[in-house]
1. Considering only the other residues whose Cβ falls under 13 Å of the Cβ of Leu93, what net charge follows from Lys and Arg at +1 and Asp and Glu at -1?
2. 7 Å from Cα along Cα→Cβ at both Ala147 and Ala131: what's the point-to-point distance in nm?
3. How many nm separate the modelled label positions at Val119 and Ser37, each set 7 Å beyond the Cα in the direction of the Cβ?
4. What does the charge count around Ala147 come to, taking other residues whose C-beta lies under 14 Å from its C-beta (Lys +1, Arg +1, Asp -1, Glu -1)?
5. In the stretch 4-172, what percentage of the DSSP-assigned beta bridges are antiparallel, given to the nearest 5?
6. Could you work out the helix-only [θ] at 222 nm for the chain, with each DSSP H run of four or more residues adding -39,500 (n - 2.57) and the total divided by the number of residues, to the nearest 500 deg cm²/dmol?
7. Using a 7 Å offset from the Cα along the Cα-to-Cβ direction at both Ser92 and Leu111, what is the distance between the two label points in nm, to one decimal?
8. Expected output is a single nm value to one decimal: the length gained when fully extending between Glu154 and Arg21, i.e. 0.36 nm times separation in residues minus the C-alpha distance. What is it?
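Every number in this text was worked out from the coordinates using simple rules, so none of it is lab data. Keep in mind that what you see is a predicted model, and the values were worked out from it rather than measured. Cβ: placed from backbone, ideal geometry, glycine included. Neighbour counts: every protein chain shown.
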Amino acid sequence: MANATDDAADRWSDLMAGALRRGGVRMIAHVPDEVTSHLLQRLSADPAFTVVSCTREEEGVAVLAGGYLGGQKGALILQGSGVGNSLNALASLAVAYQLPMLLLVSERGRLGEFNPVQVPFGRALPRILDALGIQFFSISAPEEIDAVVGGASELAFSGLVPVALGLSTRLTGGKTLK
């Protein structure tokens with residue numbers, strides 16, 4: 001039986017999958033994450049998407065770079081703390097060679113965080129991305145998904161730049177201590 005948390009996750013996940021589809025995204029690279037598991041299930045079940053599970057975040061950047069060079073628009077779904085693992089690939093590949101992609105970043109170290117080691121990077125993430133020239137937009141409610149993903153898709157794929165979308169804990173419910 002589904003609970004209210006599952007219903008909320010299903011809602012934002014359905015909206016996000018639809019917005020990505022409308023934005024022309026067809027390739028999804030991801031590092032498995034509890035927070036985005038509902039979204040990844042939706043995308044994997046949709047034949048419009050090619051979903052690639054990666055062992056590390058920088059591998060996802062490379063997968064999407066190759067996909068883009070082969071004609072596929074892509075999104076990398078990763079945890080906020082995993083952005084640190086992908087910084088060199090983002091800077092020296094995606095940014096340097098103008099390879100557009102969306103980064104869907106589930107927030108860590110923000111509202112409701114239970115793990116203190118996640119806080120410093122979570123707080124610094126928007127400034128770190130800004131230093132690389134990667135714009136960051138946060139999505140806090142399901143009603144924001146369509147407009148933000150649509151605008152970010154247009155910006156990324158017309159401007160030939162990576163664009164990061166923060167999936168706020170207010171949207172996703174975050175990661176909880178079990």
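1. Charge balance in the 13 Å sphere: -3.
2. It works out to 3.2 nm between the two label points.
3. So the two model labels end up 2.7 nm from each other.
4. Neighbour charge sum, excluding Ala147 itself: -3.
5. Numbers: 0 of 25 bridges.
So the antiparallel bridges amount to about 0 percent of the total.
6. Per the formula, -14000 deg cm²/dmol.
7. Distance between label points: 3.8 nm.
8. 46.6 nm
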